[in-house]
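This report concerns only the one structure given below.
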Amino acid sequence: MSKPLPTAVRTHLTALRALLVLTVLLGIAYPLLVTGISQLAFADRANGSIVKVDGKEAGSSLLGQNFNLPKQNPDDPDEAPRPDPQWFQPRPGAYDPKASGASNLGPNSEDLAKNIEDRRQAVAAFDGVDPASVPVDALTASGSGLDPHISTAYAQEQVTRVAKARDLPVDTVRKLVDKNTDGRPLGFLGQPGVNIVLLNKALAEQK
């Protein structure tokens, strides 16, 4: 009769077998199953909700982005970005997925107050409206700095400027905003919003 293995050895062998089984089940089989289901059921979302314009990838509907004019001096890293009047503009933010986050400036911050007032004047002049009517989301970034949605009020404020810059009827542009407005989640949570990426995609498809 062979001598039984020491208790410590048997315990380690049992743990090793459990590790191998769980690795196969949870590290290989389960991820493959979930990936397969997601690709079959909602491939677009599983692959990043990529937005394409003229067959080329232009971004993701999950991430906001800036719509600025080309730099006058591409070699100048300090040149201030200039918003393009032909596009609907997002909330303030760098929209860099590698460095997302808020500024952490509190309501008593003088820097924040100055930034908001500067943005109010700039947005009002850009859109040709009264500074007092500029919506709050045009003045403050989202918590992540990546939110692709703006309020319906901010989208409607930009309609006249976009229509004029593109020589399109105002009603045509306003209908695009209405068509790309998302309702309240579950019908009662939050407020309706407009996905800036999808709205500008629809705008790009106008002839």
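A compact table of results
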read-out: Of residues in the stretch 116-132 being assigned to a helix (DSSP H, G or I) and touching a residue at least 12 places away in the same chain (Cβ under 8 Å), the one farthest from residue 164 (Cα to Cα); value: 116
read-out: One residue from 28, 37, 50 being of a type in the set (A, V, I, L, M, F, W, C), within 29 Å of residue 161 (Cα to Cα) and out of contact with any Lys or Arg (no Cβ under 6 Å at 6 or more places or on another chain); value: 50
read-out: Residue in the stretch 149-164 that is touching a residue at least 60 places away in the same chain (Cβ under 8 Å), polar (S, T, N, Q), crowded, with 18+ Cβ neighbours inside 10 Å and in a helix (DSSP H, G or I) present; value: yes
read-out: Qualifying residue in the stretch 46-55 (condition: open to solvent by less than 50 Å² (accessible area, probe 1.4 Å), under 25 Å from residue 205 (Cα atoms), of a type outside the set (Gly, Ala, Ser) and outside any helix (DSSP H, G or I)); value: yes
read-out: Answer residue from the stretch 76-93, given it is over 18 Å from residue 140 (Cβ atoms) and charged (D, E, K, R) and is surrounded by the most Cβ atoms within 10 Å (Cβ to Cβ) among those; value: 84
read-out: Of the criteria (1) open to solvent by 80 Å² or more (accessible area, probe 1.4 Å); (2) of a type in the set (Lys, Arg); (3) under 18 Å from residue 85 (Cα atoms), which one residue 175 fails; value: (3)
read-out: Residue among 136, 170 that alone is open to solvent by 60 Å² or more (accessible area, probe 1.4 Å) and among the β-branched types (Val, Ile, Thr); value: 136
read-out: All positions within the stretch 123-133 that are open to solvent by less than 60 Å² (accessible area, probe 1.4 Å) and of a type in the set (A, V, I, L, M, F, W, C); value: 123, 124, 129
read-out: Complete set of residues in the stretch 178-207 that are among the basic types (Lys, Arg) and assigned to a helix (DSSP H, G or I); value: 179, 201
read-out: Subset of the stretch 19-45 that is of a type outside the set (A, V, I, L, M, F, W, C) and open to solvent by less than 90 Å² (accessible area, probe 1.4 Å) - its residue that is farthest from residue 197 (Cα to Cα); value: 23
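The values are calculated or read from the model by the stated rules, or taken from the named source; none is laboratory data. In this text the structure is predicted, and so the values were computed from the model without any measurement. Neighbour counts are summed over all protein chains in view; Cβ atoms, including those assigned to glycine, are modelled from backbone coordinates with ideal geometry. All accessible areas refer to the heavy atoms of the entire protein, side chains included, with ligands and DNA or RNA removed. Shrake-Rupley method; radii C 1.70, N 1.55, O 1.52, S 1.80 Å.
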